[in-house]
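Please treat every number below as a calculation from the coordinates, not as lab data. Because the structure is a prediction, the values reported are computed rather than measured. Note that we place each Cβ from the backbone using ideal geometry, even for glycine, and neighbour counts take in every protein chain shown.
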Amino acid sequence: MGKSVLIVDDSRTIRQMLGDTLRSAGFRVLEGANGEEALRRVVGQTVHLVITDLNMPVMGGLALIEQLRAKKEFRFTPILVLTTESDESRKNQGRAVGATGWIVKPFDPERLIQVVKRLVA
């Protein structure tokens, strides 16, 4: 089985599209509908990359990134933010809490795979 990717998005459709795209490229996929659920899902799991939305109920992407970065096993894990927001101040907030990169929705599946493969190589 390939490397594992955690997808965190409150949209079931987005999680399904991302999951299908990543699975077809050989990745193992874990999912969470919000940051809190994602934190529960990663306990005891090896995760090679995280893709998270910014705006979600319960716990949003920025808080999730902060909490993941506080765990030693996620200190160097690539974290991509996948969002409809392209505002520079939001990108700076993401970088400040430890986001590795930023992808604006809608995403191009081929480009996403290229980015993921480059980050987990």
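Key figures
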quantity	calculated
Sequence-distant residues sharing a close amide H with I103 (under 5 Å, placed H)	V81, L82, T83
Integer Hz, Karplus 6.51/-1.76/1.60 couplings in order for segment 103-115, x for Gly and Pro	10, 8, 6, x, 8, 8, x, 5, 5, 4, 4, 4, 4
Antiparallel DSSP beta bridges within the chain, percent to nearest 5	0
Aspartates and glutamates with Cα under 17 Å of K117, excluding same-chain neighbours fewer than 8 positions away	D20, D108
Fully extended contour minus Cα-Cα distance, from V43 to N55, at 0.36 nm per residue	2.1 nm
Three-way shape call for segment 33-72 based on the alpha-carbon gyration tensor, with the a/c threshold at 1.5	prolate
Contour minus Cα-Cα distance for A63 and S89 (0.36 nm per residue)	7.8 nm
Charge sum, other residues only, whose C-beta stays under 12 Å from V8's C-beta, Lys/Arg counted +1 and Asp/Glu -1	-3
Helix-only CD estimate at 222 nm, as mean residue ellipticity for the chain, using -39500 (n - 2.57) per DSSP H run (n ≥ 4)	-12500 deg cm²/dmol
Overall form of segment 67-121 per C-alpha gyration tensor (a/c, 1.5; a/b vs b/c)	oblate
For segment 77-90, 3J(HN,Hα) per residue [Karplus equation, 6.51 cos²θ - 1.76 cosθ + 1.60, θ = phi - 60°, Hz, x = Gly/Pro]	6, x, 10, 9, 9, 10, 8, 7, 7, 10, 5, 4, 5, 5
